[in-house]
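This report concerns only the one structure given below.
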Amino acid sequence: MSGKYQLYGVECSLYSGKARSYLRKKGIPFDEVLATINVYKKFIIPRTGVQFIPVVQSPEDDVWQDTTEIIDQLESRFPEHPVYPSTPKQRLVSLLLETYADEWLVIPAMHYRWNYPATNGRFIYGEFGSIVMPNAPGFIRRYLGKKAGARFKGAVPKLGVKAHNINAIEKSYVSLLGDLQTHFEQYDFVLGSKPSLADFGLIGPLYAHLYRDPAPGQLMRKKAPALCDWVRRMISDEVSMEAGEWLANDEIPETLMPVLQRMSREQLPVIEDTDRLLAEWRTQNPGKATIDRMIGTHEFSVEGVTAERAVLPYVLWMYQRAVDDYHALSDTAAVDALLQEAGFGDALRRGLTHRVTRENNRLQFAAES
Ligand SMILES: N[C@@H](CCC(=O)N[C@@H](CS)C(=O)NCC(=O)O)C(=O)O
């Protein structure tokens, strides 16, 4: 292994794009290793115990999965030009938007990738085939990719995308594109003229799937050219944490308000219901050391249309970071006003029923303090 960091990922992976963009913008030297089936068997599964990408290996041979953990580990090693804003509103908004991007925008990302086979099929099956056999001819890669992609395609209904709410999901996403277009006509990044954690969250779904896949890519180019420019800035090799500033006086751009309001309208009820259902699950599964990835199903609504989706407790670990951040504030007045306007009410103050933690890349209940 070289003295550089190694990023194990693939170009078509949502969270790999988040880690790659972070490493580039911070100017951290790294090589990318294509996460083939062979690499999963020989390295990813033995070293992480799970089958997720991206994985980052440090020059000292520490191995991390989960982009949030990767970013936090690297932030402690490369503290100059932090990606976490130091002011209360901007930091909290970054944490909330990371949660929204990672755990909610995966819905349109997966929908537009897998439900447009006539436009995306050839491209995406070829991409998935490269994970199995990178050097095989195109038609073999596409054949293998179709099989390899089946598991991911199967996840789409679990995320809540059903025949009857597709129009609603698309309507919501197209509105979001409009909001982001308005924002990026005025600002280079989410909080001003340099990226923050919020940008790294958003680049996940907005690059590999929604910009790069043919069907949603056409849509983004048509509806949100300024957002496309932001995507290109985020994936470029340019190191950009050093130049630029976040807005002065802890200002939150007014153009982010519709995005935060969409999050509070669509995702917050799901987070709160997940918290309630996890508390029930805990009483029903007293001996379980780790929390299952899915714990049943529940209803959610987008644009007035209700559907069922899997209950995914991992989101609580992401959201808990925002809750912790809120509770660490000595004065919450400015943040409270922002949260009211954004539709979160006193949700962060209320917090969550149980603390969760990640141990060996699996979700667990934290030891009660
Ligand atoms: N929250 C994790 C998610 C990682 C993740 O879900 N990665 C996808 C690829 S983009 C994956 O490996 N999925 C495999 C699976 O769902 O079994 C992160 O931030 O890294």
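Throughout, read-outs are computed from the coordinates displayed, never taken from laboratory work. Owing to the predicted nature of the structure, the values given are computational and were not obtained by experimental measurement. Note that we place each Cβ from the backbone using ideal geometry, even for glycine, and neighbour counts take in every protein chain shown.
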So the helices (runs of 4 or more DSSP H) completely within the stretch 146-232 holding 2 or more residues that are crowded, with 23+ Cβ neighbours inside 10 Å and within 16 Å of the ligand (Cβ to nearest atom) are 197-204
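The rows are residues; the columns are (1) within 13 Å of the ligand (Cβ to nearest atom); (2) out of contact with any Pro (no Cβ under 8 Å at 6 or more places or on another chain).
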site: P46; (1), (2): no, yes
site: S58; (1), (2): no, yes
site: D66; (1), (2): yes, yes
site: Q73; (1), (2): yes, yes
site: H81; (1), (2): no, yes
site: P88; (1), (2): no, yes
site: A101; (1), (2): yes, no
Selection over the stretch 130-145 where residues are within 16 Å of the ligand (Cβ to nearest atom) and either outside any helix (DSSP H, G or I) or free of Cβ contacts under 8 Å to residues at least 60 places away in the same chain (or both) yields a count of 1
Checked the stretch 307-330 for anything more than 16 Å from the ligand (Cβ to nearest atom) and in contact (Cβ under 8 Å) with a residue 12 or more places away in the chain; matches are A307, E308, V323, D325, Y326, H327, L329
| query | Just to be sure, is L97 closer than 29 Å to K158 by Cβ, touching a residue at least 24 places away in the same chain (Cβ under 8 Å), away from the ligand (no atom under 13 Å from the Cβ) and buried (at least 17 other Cβ atoms within 10 Å of the Cβ)? | reply | yes
Contact list, first residue from the stretch 250-273 and closer than 19 Å to Y187 by Cα, second anywhere and among the basic types (K, R) and in a helix (DSSP H, G or I), beta-carbon distance below 7 Å, six or more apart or interchain, is D250/K89; I252/K89
For the stretch 268-297, the count of residues that are within 22 Å of the chain's Cα centre (by Cα) and either in a helix (DSSP H, G or I) or closer than 15 Å to W104 by Cα (or both) equals 9
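Just give me the residues in the stretch 302-342 being at negative phi and assigned to a loop (DSSP other than H, G, I, E, B), in sequence order. Step through it out loud before you land on a result.
So in the stretch 302-342, the residues at negative phi come out as 302, 305-342.
Scanning the stretch 302-342 gives V311, L312, P313, A328, L329, S330, D331, T332.
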Scanning the stretch 282-316 for residues that are closer than 26 Å to M263 by Cβ and hydroxyl-bearing (S, T, Y), the one surrounded by the fewest Cβ atoms within 10 Å (Cβ to Cβ) turns out to be T306
All conditions in (1) part of a helix (DSSP H, G or I); (2) within 16 Å of the ligand (Cβ to nearest atom) are true of G121 except (2)
Filter the stretch 249-264 for residues that are part of a helix (DSSP H, G or I) and over 17 Å from the mean Cα position of the chain (by Cα); the one that is surrounded by the fewest Cβ atoms within 10 Å (Cβ to Cβ) is N249
If we keep only residues of the stretch 100-141 that are aliphatic (A, V, I, L, M) and within 16 Å of L219 (Cβ to Cβ), then the residue surrounded by the most Cβ atoms within 10 Å (Cβ to Cβ) is I124
